[in-house]
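The values are calculated or read from the model by the stated rules, or taken from the named source; none is laboratory data. Here the structure is a predicted model, which means the values were calculated and not measured. As a convention, Cβ positions derive from the backbone with ideal geometry for all residues, glycine included, and neighbour counts pool all protein chains shown. Calculation scope for accessible area: heavy atoms of the full protein, side chains included, ligands and nucleic acids excluded. Shrake-Rupley method; radii C 1.70, N 1.55, O 1.52, S 1.80 Å.
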Amino acid sequence: MKKSTKLRGVMLLATGLMSAVLLTGCSSKFVVFDPQGPVAQTQYRLIILSAILCAIVVIPVLGITAFIIWRYRDKPDNKAPYQPHWDDSKVLEIVWWGIPIIIIGILGTYTARDTYALARPPVITDTKPIEIQVTSLDWKWLFQYPDQQIATVNYVHIPAGVQVDFVLTSDAPMNSFWVPQLGGQEYSMPGMAMSLWLQADKPGQYYGTGANFSGKEFAHMHFNVIAEPQADFNKWVDGVKRSSPKLTDAGYKELSKPGISVEKSFSAFPPDLFGSVVAKNGGADRAHDMNMSKTDTNVDTKDMSKLNNMSDMPGMDHTQSTDGNAKDQSIKTR
């Protein structure tokens, strides 16, 4: 009977260890621990620091727990001391309160430092960053390149070694944009334009996905990020312009319907499509409310010209080119 119980325990332990190993990912590479850009590198160092600090507490606690279970196990010849009236130790109080306070202080300091450092992209002087507008749909990703005037679905090309400014919104339930090897996730939310800057230090193909459950086909919201040299990126852009159809208003309406999609490319897209998606999902109303509260005047709610300046919207800047061409407008987050 005892042998059967021990064998069952060993089997359970082995199953648990195998599950822990096999369920950590279906790939041969743990993408979170394989940083390929400056943002991911910073976050990787913070993850390692957090793991080490947690191990300082977890490993001794588990070791002491196992020792106590063994030392004070119920058996007739156990010589462990029995002190039923013991209830206080100043030394132990200082140890089990002091260590966590020091750990939290260290972890909080480094977390705040790195969070503020990554909140804004570094000032680039030699290479111009590329802007990509990202819209999460049911259940696909639309990428628009405002400078190149092309768009893609469920895949994105970027030049390696160049800062990429992603601007995120949603034309469906909110989601979360995540490329683990390049950096942490950022939410895409209806009526808002969220910012996330990433960079791939070297050419490669990186896995991207939606990290927020958004419905029955959520599992299909993944995409590839192809980082390549600037010359190859330029050739890819030219190829898309030559060989791909245009994304029209009717085409976008069809694309935005719930359903999964294969990878697609478009040689053009409707002017200010991204801004109109933000506006129709509540961005315009929020900008209007802000304008109303600032001016405190009786503004006609049907006068949509009052909504052109979206820079008053919380979390958004809506800068316009010097020639005033709405097609060249770009939405940037603060």
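Out of segment 250-260, which residues are touching a residue at least 60 places away in the same chain (Cβ under 8 Å) and either open to solvent by 40 Å² or more (accessible area, probe 1.4 Å) or over 14 Å from LEU142 (Cβ atoms) (or both)? Correct list: LYS257, PRO258, ILE260. Condition test on TRP141, is it open to solvent by 10 Å² or more (accessible area, probe 1.4 Å) and under 23 Å from VAL237 (Cα atoms)? Judged against the criteria, TRP141 is not a match. Looking at ASP88, ASP165, ASP147, just one residue is surrounded by fewer than 16 Cβ atoms within 10 Å (Cβ to Cβ) and closer than 30 Å to GLY251 by Cα, and that residue is ASP147. In segment 236-264, the residue that is farthest from LYS128 (Cα to Cα) out of those that are assigned to a helix (DSSP H, G or I) and among the acidic types (Asp, Glu) is GLU254. Within segment 151-161, identify whether any single residue is surrounded by fewer than 23 Cβ atoms within 10 Å (Cβ to Cβ) and at pLDDT below 95, and answer yes or no. Yes, that holds for at least one residue. Look at segment 176-194: where a residue is closer than 24 Å to GLY275 by Cβ and of a type in the set (Ser, Thr, Tyr) and a partner is in a strand (DSSP E or B) and open to solvent by less than 20 Å² (accessible area, probe 1.4 Å), sitting 6+ places away or on another chain with Cβ atoms under 6 Å, you get TYR187/SER176; SER188/SER136; SER188/LEU168; SER188/THR169; SER188/SER170; SER188/ASN175; SER188/PHE177. Screening segment 169-196 for residues that are surrounded by fewer than 22 Cβ atoms within 10 Å (Cβ to Cβ) and in contact with an Asp or Glu (Cβ under 6 Å, 6 or more places away or on another chain) and picking the one that is farthest from THR42 (Cα to Cα) gives ALA172. Listed by first and then second residue, the pairs with beta-carbon distance under 8 Å, at least 6 apart or on different chains, first residue in segment 217-239 and closer than 15 Å to VAL164 by Cβ, second part of a strand (DSSP E or B) and of a type in the set (D, E, K, R), are TRP236/GLU228. Against the condition crowded, with 22+ Cβ neighbours inside 10 Å, within 19 Å of the chain's Cα centre (by Cα), on the phi < 0 side of the Ramachandran plot and touching a residue at least 60 places away in the same chain (Cβ under 8 Å), how does LEU247 come out, does it pass? When the stated conditions are applied, LEU247 does not pass them. The residue list PHE274, PHE223, PHE233, PHE269 contains one member that is open to solvent by less than 60 Å² (accessible area, probe 1.4 Å), part of a loop (DSSP other than H, G, I, E, B) and touching a strand residue (DSSP E or B) at 6+ places or on another chain (Cβ under 8 Å), which is PHE269. From the list LYS128, LYS79, the lone residue that is charged (D, E, K, R), at pLDDT below 95 and under 38 Å from the mean Cα position of the chain (by Cα) is LYS128. Among the residues of segment 178-220, just one is under 17 Å from ASN154 (Cα atoms), outside any loop (DSSP other than H, G, I, E, B) and aliphatic (A, V, I, L, M), namely ALA219. Taking the condition touching a residue at least 12 places away in the same chain (Cβ under 8 Å) and open to solvent by 10 Å² or more (accessible area, probe 1.4 Å), does THR115 pass? Considered against the rule, which asks whether it is touching a residue at least 12 places away in the same chain (Cβ under 8 Å) and open to solvent by 10 Å² or more (accessible area, probe 1.4 Å), THR115 comes out as no. Among the residues of segment 104-116, not a single one is more than 26 Å from VAL225 (Cβ to Cβ) and more than 29 Å from the chain's Cα centre (by Cα). For segment 140-154, filtering for residues that are in a loop (DSSP other than H, G, I, E, B) and either free of Cβ contacts under 8 Å to residues at least 24 places away in the same chain or in contact with a strand residue (DSSP E or B) (Cβ under 8 Å, 6 or more places away or on another chain) (or both) leaves 3.
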